[in-house]
Amino acid sequence: MRSQPPRSVPEATRRLVEDMIHEAARAIDDDRLEEFPSFFTEDGVYEVASRFNVERGLPLAQINCIGRAMIVDRIESLRHANVFQPHRYRHLITGIHLAAGADHALSARSNFMIVRIMDEGSSSLFATGEYRDDIAIDGGAALFRKRQAIFDSRSIDTLLVIPI
């Protein structure tokens with residue numbers, strides 16, 4: 001038996017979601033990290049894990065924030081408690097694919113490439129991978145119910161402080 005094709009996503013909703021995905025990355029790139037939690041529902045989940053672990057169903061995630069409050073706490077911690085070499089990111093996001101599921105649920109998959117820029121001037125490719133997002137539309141706004149950032153390598157070669 002063939003499965004039903006995914007329902008199409010209305011163009012206005014597609015644009016709303018794509019804009020939110022890009023604006024979340026822009027908040028990180030522009031060092032407006034305090035805004036990042038606002039892209040999530042109150043019970044939203046933010047997870048960063050390696051493709052190696054995800055493909056094998058292994059539970060280890062380098063970042064695992066359950067609920068907006070944990071994401072807020074992570075940002076507060078990096079601003080006031082963590083010690084790390086100052087740097088910024090620049091996101092390149094491509095191939096956003098949206099699908100509508102049951103009960104008006106939306107899912108999105110997109111590719112990312114992140115360049116890490118050190119304050120002293122050097123730049124390097126930091127991570128490539130895929131975002132897997134579950135998205136809610138609430139009051140005309142798109143919000144992440146779950147954002148899973150899956151990086152392609154087996155590990156991150158340096159301290160992972162700033163959300164990716």
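Observations on the structure shown:
- Angle between the chain longest axis and helix 11-29 axis [Cα atoms, degrees, rounded to 10]: 10
- Each of 70, 17, 153 was placed along the dipole of the chain (beta-carbon charges, centred on the mean Cα), and the one lying farthest toward the positive end is 153.
- From helices alone, the chain scores -7000 deg cm²/dmol at 222 nm; the rule is -39500 (n - 2.57) for each run of n ≥ 4 DSSP H residues, then divide by the residue total.
- Applying both filters, DSSP loop and at most 16 other Cβ atoms within 10 Å, to the trypsin sites (Lys or Arg not before Pro) of the range 100-153 eliminates every site.
- Rounded to the nearest 20, the size of the Cβ-charge dipole of the range 14-149 about its Cα centre is 400 debye, with Lys and Arg at +1 and Asp and Glu at -1.
- Sorted by Cβ density within 10 Å, fewest first, the residues 78, 16: 78, 16
- Gyration tensor (alpha-carbon) shape descriptor, the range 1-82, a/c threshold 1.5: oblate
- Between helix 68-80 and the chain: long-axis angle, C-alpha atoms, 0 to 90°, nearest 10: 20
Taken together, the values in this text are just the output of simple stated rules run on the coordinates, not laboratory data. All values reported here derive from a predicted model rather than from experimental measurement. Note that each Cβ is placed from the backbone with ideal geometry, even for glycine, and that neighbours are counted across all protein chains shown.
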